[in-house]
Amino acid sequence: MDRIRALLRPAGDRNLNRLHRRQALVSVFMRHIQLIKITLFCLGYLWMLALPSPRLGRGTYIDENALGPGQVNTRWNWGDVANADRYLEQLEGLRDSNATSEQHAKAIMTEFTKLGIPASTQNYVFTSSTGKLEGTNAYAVLSSPRTSGTEAMVISASRISRVGEGDGTPNLRGVATVLALANFLKRYSLWAKDIVFVVSDNYVDGMQAWLNAYHGEAQSNLQAEELELASGVIWTALNIDYPGHSFSHLGIFHEGINGRLPNQDLLNSFHHISRWTGGVPVLVYDHLESHQSHIPSWIPRSLHQEIRQYNYRSKNVFRHIGYQARGRGSGVHGLFHQFRIDAFTMFGVPANGPHGFHSIGRVVESTLRTTNNLLERLHASFFFYILTTPERFLKIGSFLPSAVLISVAMMFGGLKLWSDSAWIPAATVQLEKEGDGEGSKWIQRSRPVIPVLGMMLSTHILGGILYSVLTTSWFSNNQTVASALLFLPVATLPLCALLVPSQDTRIVAPVSQLLKALNLCFASTVISITTVANFSLAMSLAILLGIPLSISSPSQSLPLRVIKYAAYIGLGLGWIFAGEELRKALWDWEILRVWFAPFVCAVYTPLVLQAGLVCLLPV
């Protein structure tokens, strides 16, 4: 006990002992900093690979007691299915006659009016670098007979299905379902909120125009008519996408623009209702689980089921990351999230059966009855999650640390370089002190921060110029040639760093070392901040920037310096040749205000260019 007490409470001055302990800890940390960095990188990347594991996550549940999903008897019947078939026949007639958008909208408005529901249309025109995009929306407002109409729910369908991300497949049955629901819902007086029916033109641009007008939001490149009809604050929205003749499953598409997600209680309620009221199995997206996947024979049979589950869940996780990282909504519902409206798309997965209008009508009715029970906005459940299956999910504490670990490793690397740049070890000298012992002498040197910050700022200015050119009509009309013409000056301009003269490193810290230190610290900060706002984007940045920025280094050989720089140029600017994906990203920014394209130009590309400059600068 005396030894333990002496270890915990050594003799001498308490403050001096604390300083000694702190110095000892710092010394141990600095000696093993490389091992700590490697460990953090490995843990972060392995954690990311483990996200689809069935051993992670937990079962879904409903937090909001007021919802009470599936607790009502549905009244949607086969007569309502016949009405839906009649509306479908009319819509097919409009399609076969090549009716214009305005004719479609007026026909839909007429059907709402026949039902005694106030309805109207809205014309809009978007102006972008690719030209003008115009259309006409139709909408109707069923006023609540029991309240003053200060709150509302939306039932919507776009004329174009999300199949192929809006490749032109008509959503006729989705629109027919909305019309049939209007006919059905107006017969009942149990609604505590207004119900707004919206049939938007095209795929997502029509809903963007309607939502901007509804909320009084101005968009510089949008000219849209003001809405003649209005209602209260929208709390929830259900988007119906039913492109096939019938469907086997209902898929959940829930990602919103710029990484937003709806409250999970809404999705969990829909899953419960679809399963127990509608009798329809639910999928995340449209991925059907396959039990026939090939597994090598050398793997023990006891692991086959877990491997199949990992494979299936990984498809859902990758799909989620693909939507959220690019800030792209997975359907029309994604536009509602920017106005703090919980929404998702129920997608009828095309099949030869067994479900149709009868099943989807019962599911929508029961879901509306559930959201009609709300006394306040959904808030009790999660807003940050990853759905691995309809029944399982990862909460924020299960996935966020993976990107944070890589961010911390980059920050440690940057701070170590910053510390090392201030001091340089000199030759061992005879210390003229009491005892005449030998020791190492450290010489302090200056750190030219201003020139380094100027280089970093110039890369971000170059990224801003790059973005400005990308959003011009010249680039959109000549994308193939313009991509090459734009790539060459952006890639060659940083080569001016080869002209930077070398300095005496005994007096001044190398510019390359300072640039790498600040580059790593800035990239780490960006990743850490982004993890909460958009985890999938932070995860993508951690994968693309983590190791590449950490291994950037100058060389004595000029050819090797240029080769290293070329590799970073490919990493930072290669996306400029991704024709269709680049076109979509620019369209998303101009029409939907998705900030992925400007983020790549102003943040991601400059960070990689700075790592390339590290390779070009003299040792």
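The values are calculated or read from the model by the stated rules, or taken from the named source; none is laboratory data. These figures come from a predicted structure and were not determined experimentally. When we count neighbours, we look across all protein chains shown, and the Cβ atoms used for this are built from the backbone with ideal geometry, even at glycine.
Can you find a residue in the stretch 267-283 that is over 26 Å from the mean Cα position of the chain (by Cα) and free of Cβ contacts under 8 Å to residues at least 40 places away in the same chain? Within the stretch 267-283, one or more residues are over 26 Å from the mean Cα position of the chain (by Cα) and free of Cβ contacts under 8 Å to residues at least 40 places away in the same chain. The set of residues in the stretch 215-255 being assigned to a strand (DSSP E or B), aliphatic (A, V, I, L, M) and under 24 Å from residue 177 (Cβ atoms) consists of 234, 237, 238, 240, 250, 252. Filtering the stretch 279-334 to residues that are closer than 13 Å to residue 252 by Cα and assigned to a helix (DSSP H, G or I) leaves 316, 319, 320, 332, 333, 334. Among the residues of the stretch 593-611, is there at least one that is assigned by TED's automatic domain parsing to the domain that holds residue 520, out of contact with any Cys (no Cβ under 6 Å at 6 or more places or on another chain), farther than 20 Å from residue 524 by Cα and without any contact (Cβ under 8 Å) to a residue 24 or more places away in the chain? Checked against the condition, which is being assigned by TED's automatic domain parsing to the domain that holds residue 520, out of contact with any Cys (no Cβ under 6 Å at 6 or more places or on another chain), farther than 20 Å from residue 524 by Cα and without any contact (Cβ under 8 Å) to a residue 24 or more places away in the chain, the stretch 593-611 yields no hits at all.
For the residues 409, 380, the requirement of being surrounded by 14 or more Cβ atoms within 10 Å (Cβ to Cβ) and at pLDDT 95 or above singles out 409. Go over the candidates 514, 560, 537 one by one and state the one that is closer than 18 Å to residue 456 by Cβ and either in contact (Cβ under 8 Å) with a residue 24 or more places away in the chain or assigned to a helix (DSSP H, G or I) (or both). Going through 514, 560, 537 in turn, the sole match is 514. Scanning the stretch 58-69 for residues that are in contact (Cβ under 8 Å) with a residue 40 or more places away in the chain, within 23 Å of residue 182 (Cβ to Cβ) and either of a type outside the set (Lys, Arg) or touching a Cys at 6+ places or on another chain (Cβ under 8 Å) (or both) turns up at least one hit.
The number of residues in the stretch 199-245 being under 18 Å from residue 121 (Cα atoms) and among the polar types (S, T, N, Q) comes to 6.
For the stretch 334-366, filtering for residues that are more than 21 Å from residue 280 (Cα to Cα) and buried (at least 22 other Cβ atoms within 10 Å of the Cβ) leaves 6.
Consider the stretch 465-507. How many of its residues are hydroxyl-bearing (Ser, Thr, Tyr) and surrounded by 14 or more Cβ atoms within 10 Å (Cβ to Cβ)?
To start, the set of residues in the stretch 465-507 that are hydroxyl-bearing (Ser, Thr, Tyr) comprises 467-468, 471-473, 476, 480, 483, 492, 502, 505.
Applying the additional criterion that residues be surrounded by 14 or more Cβ atoms within 10 Å (Cβ to Cβ) yields 467, 471, 476, 483, 505.
So the count comes out to 5.
Just one of the listed residues (535, 596) is in contact with a Gly (Cβ under 6 Å, 6 or more places away or on another chain) and at pLDDT 95 or above, namely 596.
Pairs are defined by a Cβ separation below 8 Å, a sequence spacing of at least 6 or placement on different chains, a first member in the stretch 431-457 that is farther than 22 Å from residue 611 by Cα, and a second member that is in a helix (DSSP H, G or I) and at pLDDT below 90; the pairs so defined are 444/422; 445/421; 445/422. So, residue 360, is that one β-branched (Val, Ile, Thr), at pLDDT 95 or above and over 23 Å from residue 393 (Cβ atoms) or not? Yes. Check whether at least one residue in the stretch 206-224 is surrounded by 23 or more Cβ atoms within 10 Å (Cβ to Cβ), under 25 Å from residue 363 (Cα atoms), in contact with a strand residue (DSSP E or B) (Cβ under 8 Å, 6 or more places away or on another chain) and among the small types (Gly, Ala, Ser), and report yes or no. No, the conditions are met nowhere in the stretch 206-224. If you go through the stretch 51-60 one residue at a time, do you hit one that is surrounded by fewer than 13 Cβ atoms within 10 Å (Cβ to Cβ), modelled with pLDDT of 80 or more and outside any loop (DSSP other than H, G, I, E, B)? Looking for residues that are surrounded by fewer than 13 Cβ atoms within 10 Å (Cβ to Cβ), modelled with pLDDT of 80 or more and outside any loop (DSSP other than H, G, I, E, B), one finds at least one in the stretch 51-60, hence yes.
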